[in-house]
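Accompanying notes for the structure given below.
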Amino acid sequence: MARRCLDLVGLARRAGEAAAGFEKVKAWINAGRGGVVFAAVDGSPSARQKLKALARDIPLIEAFEGDALGAAMGRSFGVCFVIAPGRFAQRLKDEVGRLLEYRCQAAGRHESNPAVVGGNG
C-alpha cells in the first residue's frame with residue numbers, strides 16, 4: 001500500500017503535478033495550486049509546524065519518512081512537497097487513507113486518518 005502511494009507521487013512529479021521543497025510548496029499554495037501537502041514524519045518539528053500553518057485548508061499528510069518521500073520525488077531526501085488539486089491529489093488522499101487505516105488496525109488502534117491534518121483530510 002505504501003509503495004502504491006509513493007508510486008503515485010512519482011507519477012504526479014513526472015506529470016508536472018508536484019513540487020518539492022518549502023519555497024516551491026509555499027509558492028504553489030499561495031498560487032492556489034495546492035491539493036495535498038506531504039511532510040516527512042522525520043522532518044524537524046519546526047518545519048512541520050510551518051507547513052501546518054501554511055496548509056491551513058489543504059490536507060497535510062504525515063505518513064512517510066523523508067528518504068521514501070525523497071525517492072518518490074527523485075531526490076535523496078524530501079521533507080515536504082505538494083500535489084496540485086485534481087485526480088492525483090484525490091487518489092493520493094484515498095490511498096493514504098487506506099494505508100493509515102491498515103496501519104491503525106495492525107497496531108490495534110481505531111483512529112480515523114491519524115496523520116492527515118487540516119483541510120478536508
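Every number here is computed from the coordinates shown, using simple stated rules; none is lab data. Note that the coordinates shown come from a computational prediction; the quantities given were computed from them, not determined experimentally. Note that we place each Cβ from the backbone using ideal geometry, even for glycine, and neighbour counts take in every protein chain shown.
Charging the Cβ of each Asp and Glu at -1 and of each Lys and Arg at +1, and nothing else, the dipole of the chain about its Cα centre rounds to 240 debye.
Here is how the number arises for the chain: DSSP H runs of 4 or more residues each give -39500 (n - 2.57), the sum is divided by the residue count, and the result at 222 nm is -15500 deg cm²/dmol.
Extent along the principal axes, Cα only, for the stretch 2-117: 39, 28, 26 Å, with the longest axis given first. The ranking of Met1, Met73 from fewest to most other beta carbons within 10 Å of each one's beta carbon is Met1, Met73.
Residues whose amide H lies under 5 Å from that of Gly35, counting only those 5 or more places away or on a different chain, are Ile83, Ala84; hydrogens are built 1.01 Å from N in the peptide plane.
Computed over the stretch 2-117, relative contact order equals 34 percent, with contacts defined as Cα pairs under 8 Å that lie 6+ residues apart. Looking at the chain alone, DSSP beta bridges between its own residues are antiparallel in about 75 percent of cases.
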